[in-house]
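Here the structure is laid out as structure tokens; the discussion comes afterwards.
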Amino acid sequence: MTTDKETNENIKTISSEEKKSIKGVNAPAFSKGLYDWLMFLLAYYSRIRENLKIDFETFIILQVVVSHSLYHLNKDGVKKFTEIQKNFDLMSMSNLSKINKLAFASIAEVLHLPRETVRRKVLQLEQKEIVKIDDVSGIILGPAYKTIYKEFVSKTTLDTSTLVKRWKTNGTLERLLQMDKK
């Protein structure tokens with residue numbers, strides 16, 4: 001158990017450079033902003049399990065597939081929310097990923113997960129038709145992702161907007177924008 005004296009000594013060891021980089025951290029709004037962030041994460045995690053019926057690790061694997069699809073879609077220019085929804089069929093077409101096909105090994109490398117874990121979880125996503133596995137195109141979005149995009153992504157976008165508005169109101173957003181990366 002640490003004493004107050006030890007705690008004070010630990011605080012004193014923070015360099016002036018570290019203090020500069022976290023100048024907004026000690027502001028009163030930080031605890032409120034952190035609380036809002038944690039509530040956002042908990043709600044997000046719960047919605048993943050309840051609405052999508054998948055575990056968080058599987059969800060993150062899905063996000064790699066989504067980001068791969070968006071990367072290719074953005075090659076023709078950035079898109080609005082509704083344009084992505086309209087172009088969903090293009091995102092799940094086999095020929096979209098011919099240049100750089102996404103494989104189990106690629107996902108495993110990006111996420112630092114065992115290949116077998118990735119393979120097993122992608123196969124679970126394929127059974128739910130959230131992704132498709134194609135010999136030519138690799139792992140791409142499946143037809144069931146259209147529903148996820150319409151419902152889950154829409155709700156997440158609204159929740160993110162609410163979080164940022166709260167941060168703006170209580171001063172957290174301004175402090176975050178003023179933080180240095182040092």
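The values are calculated or read from the model by the stated rules, or taken from the named source; none is laboratory data. Everything quoted here is computed from the prediction, not taken from an experiment. A quick note on method: Cβ atoms are made from the backbone with ideal geometry, for glycine too, and the neighbour counts reach across all protein chains shown.
Considering only residues that are free of Cβ contacts under 8 Å to residues at least 24 places away in the same chain and surrounded by 11 or more Cβ atoms within 10 Å (Cβ to Cβ), which ones fall in the range 64-83? Before the answer, list the steps.
The first filter runs over the range 64-83 and keeps only residues free of Cβ contacts under 8 Å to residues at least 24 places away in the same chain, leaving 67, 70-71, 73-80, 82-83.
If the condition is that a residue be free of Cβ contacts under 8 Å to residues at least 24 places away in the same chain and surrounded by 11 or more Cβ atoms within 10 Å (Cβ to Cβ), then 67, 70, 71, 73, 74, 79, 83 are the ones that fit.
Evaluate the following for residue 54: is it closer than 21 Å to residue 126 by Cα, among the aliphatic types (A, V, I, L, M) and outside any helix (DSSP H, G or I)? Judged against the criteria, residue 54 is a match. Where helices (runs of 4 or more DSSP H) sit wholly within the range 91-179, those with at least 1 residues that are modelled with pLDDT of 95 or more occupy 104-111, 115-127, 154-170. Pairing residues of the range 107-119 that are more than 10 Å from residue 61 (Cβ to Cβ) and without any contact (Cβ under 8 Å) to a residue 24 or more places away in the chain with residues that are crowded, with 16+ Cβ neighbours inside 10 Å and among the aliphatic types (A, V, I, L, M), at Cβ distances under 8 Å and at least 6 apart in sequence or on separate chains, gives 114/108; 115/108.
Over 17 Å from residue 122 (Cβ atoms), basic (Lys, Arg) and at pLDDT 85 or above: does that describe residue 86? So residue 86 fails the test. Residues in the range 131-152 that are exposed (fewer than 15 other Cβ atoms within 10 Å of the Cβ) and free of Cβ contacts under 8 Å to residues at least 12 places away in the same chain: 135, 147.
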